[in-house]
Structures are given as structure tokens and as C-alpha cells.
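Enquirer: I have a structure here, written as C-alpha cells, and I will follow up with some questions on it.
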Amino acid sequence: MKKDAAPIRVIIVDDSALIRQLLTEIINDTPDLEVIGTAPDPLAAREMIRSLNPDVITLDVEMPKMDGLSFLEKLMRLRPMPVVMISSLTDAGAEVTLRALELGAVDFVSKPKLDVERGVREYAQEITEKLRAAARAKVRKHIPFAASLVQKTDAVLALQRVPSLSTEKIIVIGASTGGTEAIREVLAGMPPDCPGILVTQHMPAAFTRSFANRLNNLCRISVKEAQAGERVLPGHAFIAPGDAHLLLRRSGANYVTELSDGPPVNRHRPSVDVLFRSAANGTGNASLLVKIIRVSPAFRSRSPTRSDGRQAGGLGGPRPFAAPLNEASLLRNSPQNPDSSCITHFKTRHASSSPVS
């Protein structure tokens, strides 16, 4: 953080006094972050947001007077701003959290069920990183996803869901903070005969199956949580499990999924880098056309400046970066192109992997 830059101002909304205390200590111990208020319920938070105008808020799901999802929906409709959800690591918590991301939350932090104090402190670095990323997000008013359009199209294209036998083209996608909704937009737009797709999204193990099931209900292609040894076919997308690396490997004339319980890479398992490198290095000299996308907070560009000179939440949202189909070079972050994302379209004999986690 530059010395003259104002800290990111955070409001914590949680009915647990312990969580409010822990988050306040973690955030205030970080030089570029500052807690400007805490609220035990959404009604108290509403007045605090009006008067203090924070850059980011953390929001619990289960609270008295109004639950977190109801409050989030109203907030994103009337006064969009970056929100990081605080959610429990359970199947039910996964469903609620995914719904929160659909409503416009930028990201979430998992709240342990046991030994909460120790668990939250262990997540300190993740919490502060996600708050920084959220502060850079350009949020938008919540617009319900047009699932009905996909369903109507499916009625016409239902017979096309049977995949062809060719597996010579593969799409590989990696995403981190803010990526879940961008992935949904990408996959929902895929035709039933699109190349097979492998996706690594940084997400806890309890969430990835629910994420895959939700996408499967929205998309024209088949989407599932990946298992080891599955053949990668057109019209199918495989989501990396939250506790294993997903890799692509050759098996005769086909490509299949592989899972690894190897150590985290840059604190992540699954790791985008592991998937990308397996796609780039594991295909030999075959003329496999691979499209690699890295969805990152860069897609949520800086918001307009507020009257007080600080960045404010605006309208708009994450949009997947798309390079021309004849793009042969690997775009990298650079001083000349700081918001570029790692995306390429190339034959694997010329492939190289990008330095992502």
C-alpha cells in the first residue's frame, strides 16, 4: 500500500460477538485495512452503511431479524457494494454460499464449526487477501440469471447433448477470487457439442460438488465434480474437487482426468497451475487445441471514484477475458498491461504454462 493511500474501510456484520472481535483484530492488524464499524444484525448494519459508506462489508448468513441472504439481495438491488460472506463448512452452508455469490457477493470465507477462534486466526491471510480483492471489485445490481432461456434452448437442442467421439480439443479454465459467477457465465454459454472442459476453482471441498450440481442444472452441457479416470468428452465439464489437484493426462487415443492429493501449490489445492501445466505438458506432440483462461479479480475493474475521492461500488461485473482465436502469445500481467489475464489458444507442442497458483 502506498503511504498516502487510505486504508480499505470495512464493516463487519455478524451476530457472533466472538467473530466480530476476531475479525476486527485480524483486519486492524493489517496496515491497509481498517474496521470502521461492526453490527450484530442487518438492520443495525443498514444504518451503519448509510452513515459510514464502507468499501467492503463482511456478512454472516444466519442472523436474527433478517438473514444474510435476504439482506444481501436488498443491498445488491438498492446499494451495490463489495460483500465477502462468512459461511460454515457444511453442505447446507455450501448451497447458501453459492446462492450468495449468485446474488452478487464477491467471495466468501469459511467459518469453522469447531474451535472457531483458532480456525478464524488460521484464515487470517486468506481473509485479508479476499477483502483487498473485494475492494477492487466492480459490483453490479443483481439481475436474476435467465435459466429459463437455457431450458427453452435445451428443448430444441436436447438431441445434441449426446457427445461426439472426438476429444482433440480441450478447454481448461482456472479461477480464484470472484471466479464462480464468471465460470457460470462461460459454461452457460457453451453449446452442447463444445470441447471437453476442465475447471479448477479455488473452493473448499464441501462446496465443489454443490457448485458443479448447480452449474449442471443451469447449463446445456453436462457439469460434474471430477473423479479420477473419467474420459474427457465434448459437451462435458469437470470441476476439480475442493481437496485434490485436477490434472489432464493421455490414455491411448483419449484424454482422461486425474486427481492428486499432492501438497498445496501457493497454498491452494486444487491449484490452477497444476491443471494448466498438466494440460500443457501432458499432451506430447499431439495437435491438441487448448484454450486456457484464468479468471481473477482483474475482471472486476476498479469502481468509479466517490465524491470523497475513494473508490465506490458501481454497476457492471466480472466478464471473462477473451483473446482473438488466432492469439499465439500468452498474455501476462505487466506494467503495460496490469489487468491482463492469462489466456491463450495454441497447439500443445508449442505450449507453455503460466505462473498462476
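Enquirer: Being closer than 25 Å to GLN21 by Cβ, touching a residue at least 60 places away in the same chain (Cβ under 8 Å) and touching a Pro at 6+ places or on another chain (Cβ under 8 Å): is that true of VAL116 here?
Expert: Numbers: closer than 25 Å to GLN21 by Cβ: yes; touching a residue at least 60 places away in the same chain (Cβ under 8 Å): yes; touching a Pro at 6+ places or on another chain (Cβ under 8 Å): no.
No, not satisfied.
Enquirer: Hey, another quick one. In the set LEU59, LEU75, which member is farther than 24 Å from GLU117 by Cα and of a type outside the set (Asp, Glu)?
Expert: One residue alone meets the criteria, LEU75.
Enquirer: Considering only segment 107-122, I want to know if a residue exists there that is at pLDDT below 85, surrounded by 22 or more Cβ atoms within 10 Å (Cβ to Cβ) and either over 25 Å from GLU34 (Cα atoms) or touching a Cys at 6+ places or on another chain (Cβ under 7 Å) (or both).
Expert: no
Enquirer: When you scan segment 202-249, how many residues do you find that are closer than 19 Å to GLU181 by Cβ and among the basic types (Lys, Arg)?
Expert: The number of residues fulfilling the criteria is 3.
The values are calculated or read from the model by the stated rules, or taken from the named source; none is laboratory data. Here the structure is a predicted model, which is why all the values come from computation and not from measurement. Methodologically, a virtual Cβ is constructed for each residue, glycine included, from the backbone with ideal geometry; neighbour enumeration extends over all protein chains shown.
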